[in-house]
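Enquirer: Attaching a single structure in structure tokens format; questions to follow.
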Number of protein chains: 2
Amino acid sequence: VASTTPRGTTLTLVDGAPADALPLDDRALHYGDGLFETIAVHEAEPRLLRAHLERLLHGCARLGLPPPAAAILERELRDAASRLGEGVLKLIVTRGGGERGYRPPRDPRPRRVLLGYDLPAHARAPHAEGLRVRLCATRVSRNRALAGLKHLNRLEQVLARAEWDDPAIAEGLMLDDEGNVTGGASSNLFAVLDGALVTPRVDEAGVAGVMRRTVMEIAPRAGFEVRETTLHVTQLRRATELMLSSSLIGLRRVQQMDEHVFGGEEVWHRLSAVLAGAGVVPR
Amino acid sequence: VASTTPRGTTLTLVDGAPADALPLDDRALHYGDGLFETIAVHEAEPRLLRAHLERLLHGCARLGLPPPAAAILERELRDAASRLGEGVLKLIVTRGGGERGYRPPRDPRPRRVLLGYDLPAHARAPHAEGLRVRLCATRVSRNRALAGLKHLNRLEQVLARAEWDDPAIAEGLMLDDEGNVTGGASSNLFAVLDGALVTPRVDEAGVAGVMRRTVMEIAPRAGFEVRETTLHVTQLRRATELMLSSSLIGLRRVQQMDEHVFGGEEVWHRLSAVLAGAGVVPR
């Protein structure tokens, strides 16, 4: 097969060395057996690096995957960020090669795949602009063994993202089989409900986002405690504000969900101010 | 990264050409965005080829993935089987390369990965020998969009298979979050319950196995209609017989599940006779 540089990428490394392909025995190809991090790069620095590394190492522990040395990861990410300047780093850690069959190798040798990309258009849009989102028909599975992890089993998100073409719609919200909102396909959700700031639990489904964690840590400075909760889809229309968070978009307010328009933006303004003050999102 | 032939493989092709690596933009690596088939090769022929191809094309349709031409797949599989003689072919069809993000490319160019392996030891074991199995703690997710498909999101099966080391245990049975049995981690399950032959439904979880389908089609010749049902774990110990099916193991009876021993084997004998008569499993 012709070796090609992935479209849109500006940097591709496997285990720290320039590479454009992954060995065919890799368990990420066969089973999605691995984890990933999507890291914003701004002014040649990987943003929220500590939180990304912590989540990755936590995920490795939960999957029983011997983690790459944090010092190596940090060095590679900082070096790549300095080459990238502005953009996105995607770090994939796989369980490495193995024989046929689900059983993990006795002595796994994880692989690191590091890819650099340009910043996507939606992450460059004016931060103050409200987003339009939709409710997806594709449901998210509930599974306590995988919940919260940013693992490589993402077919549900792929099918959800395939549901719409309209470039005006920035994100799709996903529900579990009981109709509880887990978040966006590639973002976490916050809602202001009866004056309280809440976010869906991530112990049965969803991803424990790094920006989500950052917002939860910083919210008290804006006068809010974020409560993790079960949030049914029928409660969304009662919310006075909806917001989405991710490493790439920061914290954005939702202006419209399908035909429903959200009027409020006061909580979002206060949170944005403390996030900007902490240097987490641009002013 | 050093290009290495996958351990234990004897044949590796990407899109029909010898290759040992997959481009880093492939969506199978990033999202598990693809499907696979595991095909037994006996006397230089791919077994149950028609059923494997039908399931693959059905899966492509459900994932919105333009299927490779059946004629090309059939030719490559037959050619590989004739080179392999005896063993296992694993065919992976991915959605191909793409830009960053879950959204499938507008014009996807799927890739075919074809790997040949030796027959695993458990598939060479005497067919009459009963298997020991265990109940896994790792649960299977329920999701109607993915149920039945042999897709590449297999972390649950990986975690389940990591639960035991004892080589005497051939397979782990997996339950969904309601305690219903979905099958083995890499096989389908049949049970004789109150004299009736049943198998777990695959419309909420599990894989619609090719050998499962074959057993269901052939069972009437042995005097049985297979009923698809919801099968709770508490019903398993009431079963007089349990059997597992897969392309590699054929149809095998379960002798022991954890500490519970199954005495019966009459239905298994009758099914095995018709399967052998049809040339599906060795006599």
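Enquirer: Just to be sure I understand: if you take the accessible area of chain A alone plus chain B alone and subtract the pair, with a 1.4 Å probe, what total do you get in Å², rounded to 100? Don't jump to the answer; show the numbers that get you there.
Expert: Details: alone 14010 and 14050 Å², together 22280 Å².
Buried surface at the A/B interface: approximately 5800 Å².
Enquirer: For peptide A:159-171, what's the mean number of Cβ atoms from other chains within 10 Å of each residue's Cβ?
Expert: On the way: counts 9, 3, 5, 5, 0, 1, 2, 0, 0, 0, 0, 0, 0.
That works out to 2 on average.
Enquirer: Averaged over B:102-115, how many beta carbons belonging to a partner chain fall within 10 Å of each residue's beta carbon?
Expert: On the way: counts 12, 9, 4, 1, 1, 0, 0, 0, 0, 1, 1, 4, 1, 4.
If you average over the peptide's residues, the count of other-chain Cβ atoms is 3.
Enquirer: Along the charge dipole of region A:180-283, Cβ charges K/R +1 and D/E -1, which of A:VAL281, A:HIS232, A:ALA191 sits furthest on the positive end?
Expert: A:VAL281
Enquirer: Still on this structure, I have one more. Let me know the volume per residue of the alpha-carbon convex hull for the protein assembly as shown, in Å³. Write down the numbers at each step before the final one.
Expert: Values: hull volume 80.3 nm³, N = 566.
Once divided by residue count, the hull of the protein assembly as shown is 142 Å³.
Enquirer: Check each residue of region A:29-59 and keep those whose accessible area, probe 1.4 Å, is at least 50 Å² smaller with all protein chains in place than in the chain alone; give them in order of residue number.
Expert: A:LEU29, A:HIS30, A:TYR31
Enquirer: Ignoring ligands, DNA and RNA, please state the percent of accessible area on region A:76-217 from carbon and sulfur, probe 1.4 Å.
Expert: Working: 2310 of 5170 Å².
It is 45 percent, rounded to a whole number.
Enquirer: Same structure, new question: What are the label-to-label distances in nm, one decimal and shortest first, from A:GLN255 to the same spot in the other copies, with labels 7 Å along Cα to Cβ?
Expert: 7.0
Enquirer: Give the average over all directions of the projected area of the C-alpha convex hull of chain A, one decimal, in nm².
Expert: On the way: hull surface 59.7 nm².
If I average the Cα hull's projected area over directions, I get 14.9 nm².
Enquirer: Moving on to the next point. Just need the relative contact order of region B:127-276 here, percent rounded to a whole number, with Cα pairs under 8 Å and 6+ apart.
Expert: In percent, rounded to a whole number, it is 28.
Enquirer: Per-residue counts of other Cβ atoms within 10 Å, averaged by peptide: what ranking do you get for B:233-246, A:199-212, B:261-274, highest first?
Expert: Details: B:233-246: 19.1, A:199-212: 22.5, B:261-274: 16.7.
Top of the packing list down: A:199-212, B:233-246, B:261-274.
Enquirer: Could you give the spread of the C-alpha atoms of region A:52-91 along their three principal axes, from largest to smallest, in whole angstroms?
Expert: Taking the Cα atoms of region A:52-91, the three principal extents are 34, 17, 12 Å.
Enquirer: Can you give the convex hull volume of the alpha carbon atoms of region B:1-154 per residue, in Å³?
Expert: Working: hull volume 23.6 nm³, N = 154.
It is 153 Å³ per residue.
Enquirer: Rounded to the nearest 0.05, what FRET efficiency do A:GLU178 and A:HIS269 have when you use their Cβ-Cβ distance and R0 = 22 Å?
Expert: Numbers: r = 33 Å, r/R0 = 1.49.
In this case the efficiency is close to 0.10.
Enquirer: Additional query: Put B:ILE92, B:ILE249 in order of accessible area, largest first, 1.4 Å probe: what do you get? Intermediate results must be reported in sequence, preceding the final value.
Expert: Details: B:ILE92 0, B:ILE249 25 Å².
In descending accessible area the options line up as B:ILE249, B:ILE92.
Enquirer: Using the Kirkwood radius over C-alpha pairs as Rh, can you work out the diffusion coefficient of region A:34-74 via Stokes-Einstein at 37 °C, viscosity 0.692 mPa s, in µm² per second? Walk me through the numbers before you get to the answer.
Expert: Values: Rh = 10.8 Å.
Taking Rh from Cα pairs, D becomes 303 µm²/s.
Enquirer: Can you classify region A:197-283 as rounded, prolate or oblate using the Cα gyration tensor, where a ≥ b ≥ c are the square roots of its eigenvalues, rounded means a/c under 1.5, and otherwise it's prolate if a/b beats b/c and oblate if not?
Expert: Details: a/c = 1.65, a/b = 1.22, b/c = 1.36.
Because a/c hits 1.5 or more and a/b fails to exceed b/c, region A:197-283 counts as oblate.
Enquirer: If the cut-off is 19 Å between C-alpha atoms, which lysines fall inside it for B:LYS150, apart from same-chain ones fewer than 8 positions away?
Expert: Filter leaves B:LYS90.
Enquirer: Kindly provide log₁₀ I(q)/I(0) values, in the same order as q = 0.09, 0.11, 0.12, 0.13 Å⁻¹, from the Debye equation applied to equal alpha-carbon scatterers of region B:128-283.
Expert: Result of the Debye calculation: -0.25, -0.38, -0.45, -0.54.
Enquirer: Restricted to Cα positions, what overall size does region B:24-105 have along the principal axes? Three whole-Å values, descending.
Expert: Extents along the principal axes: 44, 24, 16 Å.
Enquirer: What angle do you read, to the nearest 10 degrees and between 0 and 90, between the alpha-carbon axis of helix A:49-63 and the longest principal axis of chain A?
Expert: The answer is roughly 70 degrees.
Enquirer: Would you work out which of A:PRO108, A:HIS52, A:SER82 lies farthest towards the positive end of the dipole of region A:41-165, given +1 charges on the beta-carbon of Lys and Arg and -1 on that of Asp and Glu, about the Cα centre?
Expert: A:PRO108
Enquirer: Another question about this same structure. Quick check on region B:66-152: take the gyration tensor over C-alpha atoms, sort the square-rooted eigenvalues as a ≥ b ≥ c, and tell me if it's rounded (a/c under 1.5), prolate or oblate.
Expert: Details: a/c = 2.92, a/b = 1.25, b/c = 2.33.
Oblate, because a/c is 1.5 or more while a/b does not exceed b/c.
Enquirer: Report, for A:GLY195, each distance to the same residue's label point in the other copies, shortest first and in nm; define the point 7 Å along Cα→Cβ.
Expert: Here the equivalent label points are 6.7 nm apart from this one.
Enquirer: Only Cα pairs under 8 Å and at least 6 apart count here; give the relative contact order of chain A as a rounded whole percent.
Expert: It rounds to 17 percent for chain A.
Enquirer: Quick one: net charge of B:PRO23's neighbours, Cβ under 9 Å, K/R +1, D/E -1?
Expert: Details: positive: B:ARG111; negative: A:ASP20, B:ASP25, B:ASP26.
Once positives and negatives cancel, what remains is -2.
Enquirer: If you don't mind, another one. For B:ASP107, which inter-copy label distances result when the label point lies 7 Å beyond Cα on the Cα-to-Cβ vector, reported in nm to one decimal and in ascending order?
Expert: 4.8
Enquirer: A further question on this structure: Averaged per residue, what accessible area in Å² does region B:140-283 show with a 1.4 Å probe, protein chains only?
Expert: On the way: 5450 Å² over 144 residues.
Accessible area per residue, region B:140-283: 38 Å².
Enquirer: A further question follows. How big is the accessible area of A:ASP20 in square angstrom, nearest 10, if you roll a 1.4 angstrom probe over the protein chains?
Expert: Approximately 50 Å² of A:ASP20 is accessible to the 1.4 Å probe.
The values are calculated or read from the model by the stated rules, or taken from the named source; none is laboratory data. These numbers come from a predicted model, not from an experiment. Positions of Cβ are backbone-derived with ideal geometry, glycine not excepted, and every protein chain shown enters the neighbour counts. The area values use the complete protein model at the heavy-atom level, side chains included, leaving out ligands, DNA and RNA. Shrake-Rupley method; radii C 1.70, N 1.55, O 1.52, S 1.80 Å.
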